[in-house]
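A short worksheet on the structure shown next.
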Amino acid sequence: MGAMPGGDRNAAPRPLDQALAVAVLLAAVLAPGTFFARLEVAREVAASEEWRALAVGRQIVASGADEAALAATVRTTGAGAVPGLSATFVQTAGGTDEFGIAATARLLALGPNGMPVELPKDLSGRVKEAAGRAKSSVGDGGTGAACIDGGEQARLLCAVATPGGAVAGVMAGRSDVQAPFGWPATATVAGALLFFLAASWKRGTRPEVPAAVAGLLAGGVGALLLAWGGRGMIDAAGAAETSLSGLLGAAAGSPPLHAPSLGVAFVVSLAVVAALLAAAGVRGLGRVVSDFRDRPFLYAAIAPAMIGMVLLIFVPFFMGVYLAFLDNNRTFVGLANFVEILAPSGTSDTNFYLTLGVTVLWTTLNVVMHVAIGLGLALILSDARLRGKAIYRVLLIVPWAIPNYITALVWKWIFNTQYGPANAFLALLGVAPVDWLGRSFVTNFTANLVTNTWLGFPFMMVISLGALQSIPADLYEAAEMDGAGRWARFRHVTLPLLKPALVPAIVLGTIWTFNMFNVVYLVSGGAPDNQTNILITEAYRAFRVLKNYGLAAAYSLIIFFILAAYTMVTNRVTRAAESVYE
Amino acid sequence: MSDSNPAGRKVSRGGQATRHAVLVAVTLVTLLPVAWVVKMALSDSQSFQGASLSPIPEEASLANVAEVTGSTDADGSWLFGRQALNSVIVSVFTTLFGITVACTAAYAFSRFRFAGRRAGLFLFLVSQMFPGIMMMIPLYVIMESLHLLDTMLGLVLVYSTTSVPFSVWMLKGYFDTIPKDLEEAAVIDGASPIRTFWSVVLPLSLPAIAITALFSFMSAWNEFVLAYTFLSKQSAFTLPVIIRNYVGEHDVRWGLFAAASLIVSAPVVALFFTLQRYLVGGLTAGAVK
């Protein structure tokens, strides 16, 4: 069963299969490239739309909100033809009653030539909604106080009900740009493929070189087309701003600056990445493609798991990687977030290296405790003559079955200074109560450690029990006949045979403990002064407390690299993993 | 359990007594926190002034349990029932979907050699190292653009895909330990690969499948952070989210928290103990073959 068809693993697959592989690889580069370009352009165009809406809105407010003045403004500015803009106006300038909104909507629906145009579906929906909200807002005596924090709904409501809410209303009513970016990518990939096929049609040539050239071509030309198209849209927005400035005069204020974000760096990096990826992946992926044609059902069996994982784990991960290079205004800042973490400027209130040290200490102590307690209990429980061991075993895995955030909160209560059982126990021993979760690093850390030890030893116990079961009894008899004592038998028989099961469990346990968010966050919460925070809770703090998502993403990426390096360096594990592969 | 005794064969009566003493002590430490939670849930007060070590409930009031289970929304419909149903549906479908997908993939990885196999297995392994916090906002954006926020389908999709890599590795390890001869015999008798898998491999793998299913179910039933992020409507909440209602920033209503914790934990603990006899075999067979 399952022999490799085609035999030789190093033989180059057929050119057509390789071309398909190159197509997939190029698409994998151009799709996020297109996504990025669209995002950049959308941001600029949205900024321009906002500015235009604001400028016209100001004009409307200044000229009075009666129907005739409104009509005149709308006609002169030609605002009615821009769907996103008209939705905004309905809310900013519609007045506070249903009639006012409906009238504005009708006016906005007039085209530049004075003929009515059909309202877009979402716009007519919004008109109805806005009317309803305006009515209820006026009824409730809405003042616009909740304009900032009330979420999108509240902003829209305020925008309708109060002139002061106009700005917020513009923010809420802006539309996304849907640019036709699909075709340049498709066309360039097709062109590059034709080139690749022509260059590698002869069997036996190295496919890497033409693949790299095809990648360079597709990446470069695709990026150029994207940049060119995006530039066009931004320029068009700029032109609209200029003409609006001319119409409205100085009252409109100065238009926003549009930074050329899709520049040379974008084109070069897309081309280089495409070339490298195509060259590196053409052979391997080409083999997958040809294997796929022989045995599609095999790949169909893996596809659901693979597609789900790529879409919901890898795509979010790479989106997170992208965010690690942005600041809070979504501007590209290069490695600034990483520098902020690794070489803090002094304004930062925690030290990465201290946190890393605490994390390593936390992980080591926990894993040692888990293995020591788990293995110890397993050794006791694996005695055949021990009575009631089934009951012990069932009771001892209770912590595993309970959701760990519940465990963490329960232990937070146990360590409570006034009414926690931990201090009641100390009182029994005649020891003064300890302020466990107070100002001391040691007590906070101990509380976390005890909680996580309670939580984690059953897993190691079960793994050890399973591994002990599989050790043949005659090995011990042989060792005993050779005169090995109890310790020698444990050292030379039990331990080596436990290794294959324990090492992967320890690696897994290390990764889990390294990222054990719930316990640290819920028990000590980092007290005192974030000192007991581990890396993952620091990342969360950057996200929730400092509200710096780029910094949080950079933290997460550093955690990922540490864990990846750990797994690679643990060469035993690599070997264990390899033995699983084949 | 096996007959081997790794720590030594000759154990005196005194040795046995020491062992029981150790086991009883550890078991007590293990069970005390649980007993305290029960006590807390059955008591009438919320704050527990005056520390006590005794795990024996002083009162047996069901007021906390009644308040947790009796919650209703503005329209007067039974909110807790709705939320419990959400949890059941999400967890059951996560398990079914996740196990089906993981079983087929793990079987292919275990029995066939094909191009991209190593890379595929490696990707499953790497995906376990991504910190969840980094994915939260991107996942939210993806869910939003697919209109899956506040839906059970969204949770099922996220939960099952995040549990699949671990399931695939575990099941593959277990399938590896099943001798191929059995399947070859079935193939010679003319059975298709699907039929072979269904009637030969699957029955032999029940311990591993049971344990994988248990883990999938537990992770979905207990998951809190993503549910808290994706769900904004009370009627869409799963049970872990409601526990948060009782644990405020400064004010924790311990009695209600304990009652809710017991109610949320009970089904998953019951399931865990039903399947625990598979735990040892299902978890470790792949690693110690």
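Bear in mind these aren't lab numbers, they're just calculated from the coordinates by the rules spelled out. These numbers were taken from a predicted model, which means no experiment stands behind them. All Cβ positions, even for glycine, are placed from backbone atoms using ideal geometry, and neighbour counts span all protein chains on display.
What the table below lists for this structure:
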item: Cα-only Debye scattering, chain B: base-10 log of I(q)/I(0) at q = 0.10, 0.11, 0.14 Å⁻¹; result: -0.75, -0.87, -1.15
item: Separation in nanometres of the label points that stand 7 Å from Cα toward Cβ, at A:LYS547 and B:LEU206; result: 5.6
item: Expected 222 nm ellipticity per residue - DSSP helices of 4 or more, -39500 (n - 2.57), all of chain B, to 500; result: -21500 deg cm²/dmol
item: Highest-MSF residue in chain B out of B:ILE188, B:ILE142, B:ILE243 [GNM, Cα springs under 10 Å]; result: B:ILE188
item: Förster radius 30 Å - calculated FRET efficiency between B:ASP251 and B:ALA60, Cβ distance, rounded to 0.05; result: 0.75
item: Rounded if a/c under 1.5, otherwise prolate or oblate - the stretch A:506-552, Cα gyration tensor axes; result: oblate
item: Inter-label distance for B:LEU32 and A:ALA488, nm, one decimal - labels placed 7 Å from Cα along Cα-to-Cβ; result: 4.1
item: The stretch A:278-323: C-alpha gyration tensor shape, a/c 1.5 cut-off, then a/b vs b/c; result: oblate
item: Over chain B, relative contact order from alpha-carbon pairs under 8 Å, at least 6 apart, %; result: 28
item: Average other protein chain Cβ within 10 Å of Cβ, residues A:543-556; result: 2
item: Estimated distance in nm for a label pair at B:ALA21 and B:PHE122, the labels positioned 7 Å out from Cα along Cα-to-Cβ; result: 5.5
item: Full-extension gain in nm, A:VAL569 to A:VAL209, via 0.36 nm per residue minus C-alpha separation; result: 126.3 nm
item: Whether the stretch B:83-199 is rounded, prolate or oblate, judged on the alpha carbon gyration tensor where a/c under 1.5 counts as rounded; result: prolate
item: Calculated FRET efficiency for the pair A:VAL264/B:ALA266, C-beta based, R₀ 60 Å, to 0.05; result: 0.45
item: Rounded FRET efficiency, nearest 0.05, which uses the C-beta distance separating B:THR274 from B:LEU153 and R0 of 25 Å; result: 0.35
item: Exposure proxy order (Cβ contacts within 10 Å, fewest to most) of A:ILE471, B:ILE194; result: B:ILE194, A:ILE471
item: Average beta carbon contacts from partner chains per residue of B:61-74, 10 Å cutoff; result: 0
item: Burial ranking of peptide ranges A:419-425, A:446-452 (average Cβ count within 10 Å, highest at the top); result: A:446-452, A:419-425
item: Packing-based order for A:522-535, A:331-344, A:498-511, using average beta carbon neighbours within 10 Å, highest first; result: A:522-535, A:498-511, A:331-344
item: The stretch A:484-570: relative contact order as a whole-number percent, Cα under 8 Å and 6+ apart; result: 18
item: For residues of B:15-23, the mean tally of beta carbons on other chains within 10 Å; result: 4
item: Given A:LYS499/B:LYS172; A:LYS412/B:LYS39; A:LYS412/A:LYS499; A:LYS389/B:LYS172, the pairs whose alpha carbons are separated by over 26 Å; result: A:LYS412/A:LYS499; A:LYS389/B:LYS172
item: The stretch A:421-463 and the stretch A:365-414: distance between their alpha carbon centers, rounded to Å; result: 16
item: Sequence-separation-based contact order of the stretch A:430-579, relative, with Cα cut under 8 Å and 6+ spacing, percent; result: 24
item: Peptides A:207-213, A:227-233 ordered by average Cβ neighbours within 10 Å, highest first; result: A:207-213, A:227-233
